[in-house]
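Heads up: the structure comes next, in structure tokens.
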Amino acid sequence: MATMTMVKALNAGLRRALGADPKVLLAGEDIGNLGGVFRVTEGLKAEFGGDRVIDTPLAESGIVGTCLGLALGGYRPVVEIQFDGFVFPATNQIITQVARQYHRSHGRLNVPMVIRLPYGAGIGAVEHHSESPEAYFAHTPGLKVVACATPSDAYWMIQQAISSPDPVIFMEPKRRYHEKGEVDVDAVPMPLHQARVVKQGKDLTVLCWGGMVRPCVEAAIVAADEGKDLEVIDLRTLSPLDDDTILTSVAKTGRAVIVHEAMGTVGLGAEIAARIQERCFYALQAPVLRVTGYDMPMPPNRAEGDYLPDLDRVLDAVDRSLAY
């Protein structure tokens, strides 16, 4: 068991994947000599060489398109999008090409590539550096979308994503990059597309992922002092959703609060709420509630705290649900 930050865990996971399979390649802006702006790839070029850890031009569409060709040619490329908002120039390649190859070829062509996406606010960045675009990709058939919330998950999930035969959007909450946690490098990891019950409870289910897991756990601790027993689930997989874990929990508690930092309208929380309503209707004791970002661009960094869901907003939703 080792203690490391999420950055170090991702670095260790990438190193292990590179060492295990010579077909694994990394590509992105400044990932080689610099080690990436967040230093996730630090030291990997020196260890594996510039033909496997590739510094690319500043052209996201070109990076993704080139790596699509490499994936079709038998390689397993891992693309780093430097910041979440920079993924939008590459969405044409991702949505119309990467996601469709398997269906377009009637299952004859796989695209085993990973697109790493540092996402979310909380680091005081400027415009286009604090987006939460998971709904775009979860809405796209042919893409798998996952989000790590702890160093342990970061270490294992990046390796599992690289091993997948399908293209994976790998969401990394950059506000958690430097938080430490235990990583067991000899463990048997959970399946990639399975949610994790972080805390068992009986009164209400809180569903969250990525950067929102920590405030939801904190809310459960505070609620426990008030006699409220919350179950907290880290979804981990956003497409496909782990319906079994979600629905089993809500059927038990009868209440659900969904928390994400992306805007609420047509956000992923709306899809989850619809599934709960359709399949757990007779178990529900209150409406499914959402705690989300607001329907506006991410504000300047001094106003991030007013935009992002936090402990108080989660607890307010819990109180409203339990009041029914």
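A few points about this structure:
- In sequence order, calculated HN-Hα J values of segment 254-260 (Karplus, 6.51, -1.76, 1.60; Hz; x Gly/Pro): x, 9, 8, 10, 10, 10, 8
- For the chain, the longest principal axis of the C-alpha atoms and the axis of helix 268-279 are separated by about 50°.
- Relative to the longest principal axis of the Cα atoms of the chain, the long axis of helix 311-322 makes an angle of roughly 50 degrees.
- Across the accessible surface of the chain, with the other protein chains kept in place and a 1.4 Å probe, carbon and sulfur atoms take up 53 percent.
- If you count Lys pairs in the chain whose Cα atoms are under 30 Å apart, skipping same-chain pairs closer than 8 places in sequence, the total is 25.
- Relative packing of 263-270, 74-81, which averages over residues the other C-beta atoms within 10 Å, highest first: 74-81, 263-270
- Taking amide H positions as modeled 1.01 Å from N, with prolines and chain starts lacking one, the residues under 5 Å from Ile258 and 5 or more places away or on another chain are Leu207, Leu289, Arg290, Val291.
- Antiparallel DSSP beta bridges within the chain, as percent of all bridges there, nearest 5: 25
- Three-way shape label, segment 43-104, alpha-carbon gyration tensor, a/c 1.5: oblate
- Gyration tensor (Cα) of segment 1-60, equivalent ellipsoid semi-axes in angstrom: 19, 14, 9
- Placing unit charges on the Cβ atoms of the charged side chains and taking the dipole of the chain about its Cα centre, the candidate lying farthest along the positive direction among Pro189, Gly227, His103 is His103.
- Under-5 Å amide H pairs with Val198, H placed in peptide plane, nonlocal only: Val232, Ile233, Asp234
- Residue-wise HN-Hα couplings along segment 221-233, as the Karplus relation 6.51 cos²θ - 1.76 cosθ + 1.60 with θ = phi - 60° gives them from phi, are 5, 5, 4, 4, 5, 9, x, 10, 9, 9, 9, 10, 10 Hz; Gly and Pro carry x.
- Folded to 0 to 90 degrees: helix 243-253 orientation relative to the chain principal axis, Cα: 20
- Taking segment 170-324 and dividing mean pair separation by its residue count, relative contact order in percent (alpha carbons under 8 Å, at least six apart): 23
- Sorting Asp203, Asp319 by solvent-accessible area of protein heavy atoms yields Asp319, Asp203, largest first, with a 1.4 Å probe.
- Stokes-Einstein diffusion of segment 66-191 at 25 °C, 0.890 mPa s viscosity, Kirkwood radius from Cα pairs, rounded to a whole number: 161 µm²/s.
- With Cα atoms defining each centre, segment 1-22 and segment 179-243 are spaced 22 Å apart in the structure.
- Whole-Hz couplings from phi, Karplus 6.51/-1.76/1.60, listed for segment 162-177; x for Gly and Pro: 5, 7, 5, x, 10, x, 10, 8, 10, 8, 10, x, 5, 5, 9, 4
- Sparse-neighbour loop sites [GluC sites (Glu not before Pro); segment 193-249; at most 13 other C-beta within 10 Å; DSSP]: Glu226
- Peptides 111-120, 243-252 ordered by average Cβ neighbours within 10 Å, highest first: 111-120, 243-252
- Each principal axis of the Cα cloud of segment 1-126 was evaluated for its coordinate range; sorted largest first, these ranges are 44, 37, 30 Å.
- Working note: Cα gyration tensor of segment 255-320, eigenvalues times five, square-rooted, sorted largest first, giving semi-axes of 25, 14, 6 Å.
The values are calculated or read from the model by the stated rules, or taken from the named source; none is laboratory data. Model, not experiment: these values are computed from the prediction. Cβ atoms come from the backbone with ideal geometry, glycine included; neighbour counts cover every protein chain shown. The accessibility values were calculated without ligands, DNA or RNA, using every heavy atom of the protein model including side chains. Shrake-Rupley method; radii C 1.70, N 1.55, O 1.52, S 1.80 Å.
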